[in-house]
């Protein structure tokens, strides 16, 4: 005989409620875990792509880093990170991301293009320049990306006319391309067209007020033009966006010093040197500031550190000599004066070599001498331009390939170094 069900007791009701509560919490936990693993990274990637499209490279990299913390083998995030790093001029990071991407999957058309642009953007064109120019002429789907890399590469190679042409075409296609506006402003200032530079930078800042690079560039131009108060305003805007950016800290310190706010300038330099104790320009500016305060012993300590890190630094050496004279250190004064004499001889040699290069466009030997002179005198950026001229004249020049290999090794780009080492061997 079937017994009738008994009444539901309070205890059993509580058990059922507890069961359903636990089940609900488990479901919520599973849903949250799914969101963290799948939905949230997907949203972060979409936001990173949007940031790249509006040229907010810092925001893009921040979001991509969040994805890679959770999913270090996310192929889409790795490829986007490579592009964001390259466009931010963080070339070692870009190579690392690309290497990881191709370790996880076969090379793709997109990754092969990134490898090419990574070299081109540094002035290391290889045999890719003409192919990219043809692609641009045929309105390639990545035309804007290619033009940006070409413009930066031409600037790195000191090919100013080609850089201006690439930037002109790029800005015709996308008038508010902020990195292109910043780069064109730099070229304009180099050729003493400060009004054009200011126009481009104000346009960049108006288009992207949250772009720290644009704020820093405008601040620097304003300070060089004597508009110090406005320079400080834009540096402070940049600092809110990127509090630990060394370029912001150094530029702001210089502007504050120009307004005789030496205490604030000193705080900026102290923060910079805490983060990077061997920052050469920071050490020199700290020494300069202490000389103004007549604290010669402290100034000498900073300037000595600068001399150890960068014996080629002309301004730092001059300031070091002042500090040593004020301290009455006769023997050290003589050594510092001898170093300045040597630097003066180097300046004379550099001038003569550049005249020879100007008068002999195809002379690769003098350009290799200029590469060596540039490295010896702390002007590696200019040296790269001389190396690119050598390889443009003689793509098989073993010495130039070996020099590039050493340079890329030091820059944390082993794959690019290996390519040049192989070319040097051939």
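Residue 340 - would you say it is free of Cβ contacts under 8 Å to residues at least 60 places away in the same chain, within 30 Å of residue 260 (Cα to Cα), surrounded by fewer than 19 Cβ atoms within 10 Å (Cβ to Cβ) and more than 24 Å from the chain's Cα centre (by Cα)?
The answer is yes for residue 340.
Could you tell me whether residue 244 is on the phi < 0 side of the Ramachandran plot, out of contact with any strand residue (DSSP E or B) (no Cβ under 6 Å at 6 or more places or on another chain) and modelled with pLDDT of 95 or more?
Judged against the criteria, residue 244 is not a match.
Sort out which residues of the stretch 22-61 are modelled with pLDDT under 60 and over 39 Å from the mean Cα position of the chain (by Cα), and write them in order of number.
Selection gives 23, 24, 25, 26, 27, 28, 29, 30, 31.
Taking the stretch 248-267, which residues are surrounded by fewer than 23 Cβ atoms within 10 Å (Cβ to Cβ) and either more than 11 Å from residue 235 (Cβ to Cβ) or at pLDDT below 95 (or both)?
Selection gives 257, 258, 259, 260, 261, 262, 263, 264, 266, 267.
Is it true that residue 196 is part of a helix (DSSP H, G or I) and buried (at least 19 other Cβ atoms within 10 Å of the Cβ)?
Judged against the criteria, residue 196 is not a match.
Considering each residue of the stretch 245-267, count those that are assigned to a helix (DSSP H, G or I), over 17 Å from residue 222 (Cα atoms) and in contact (Cβ under 8 Å) with a residue 12 or more places away in the chain, and give that number.
Here the count works out to 4.
Of everything in the stretch 268-278 that's out of contact with any helix residue (DSSP H, G or I) (no Cβ under 6 Å at 6 or more places or on another chain) and not in a helix (DSSP H, G or I), which residue is surrounded by the most Cβ atoms within 10 Å (Cβ to Cβ)?
It comes out as 276.
Just checking, which of 203, 184 is part of a helix (DSSP H, G or I) and either over 18 Å from the mean Cα position of the chain (by Cα) or more than 19 Å from residue 55 (Cα to Cα) (or both)?
Sole residue among the options that is part of a helix (DSSP H, G or I) and either over 18 Å from the mean Cα position of the chain (by Cα) or more than 19 Å from residue 55 (Cα to Cα) (or both): 203.
Could you list all residues from the stretch 155-214 that are on the phi > 0 side of the Ramachandran plot and touching a helix residue (DSSP H, G or I) at 6+ places or on another chain (Cβ under 9 Å)?
Once the filter is applied, which keeps residues that are on the phi > 0 side of the Ramachandran plot and touching a helix residue (DSSP H, G or I) at 6+ places or on another chain (Cβ under 9 Å), the stretch 155-214 yields only 158.
Could you tell me which numbered condition residue 166 fails, if it satisfies all but one of (1) within 29 Å of residue 249 (Cβ to Cβ); (2) part of a helix (DSSP H, G or I)?
Residue 166 satisfies every listed condition except (1).
Taking the stretch 387-425 as the search range and keeping residues that are part of a loop (DSSP other than H, G, I, E, B) and in contact with a helix residue (DSSP H, G or I) (Cβ under 8 Å, 6 or more places away or on another chain), which one is surrounded by the fewest Cβ atoms within 10 Å (Cβ to Cβ)?
Once the filter is applied, the top-ranked residue is 396.
Tell me which residues, restricted to the stretch 87-101, are free of Cβ contacts under 8 Å to residues at least 60 places away in the same chain, under 15 Å from the mean Cα position of the chain (by Cα) and assigned to a helix (DSSP H, G or I).
93, 94
Please indicate, with yes or no, whether at least one residue in the stretch 218-227 is touching a helix residue (DSSP H, G or I) at 6+ places or on another chain (Cβ under 6 Å), part of a helix (DSSP H, G or I) and surrounded by fewer than 21 Cβ atoms within 10 Å (Cβ to Cβ).
no
The values are calculated or read from the model by the stated rules, or taken from the named source; none is laboratory data. Just so we're clear, the structure is a prediction, and the values are computed from it rather than from any experiment. Please note: Cβ atoms are built from the backbone with ideal geometry, for glycine as well, and neighbour counts cover all protein chains shown.
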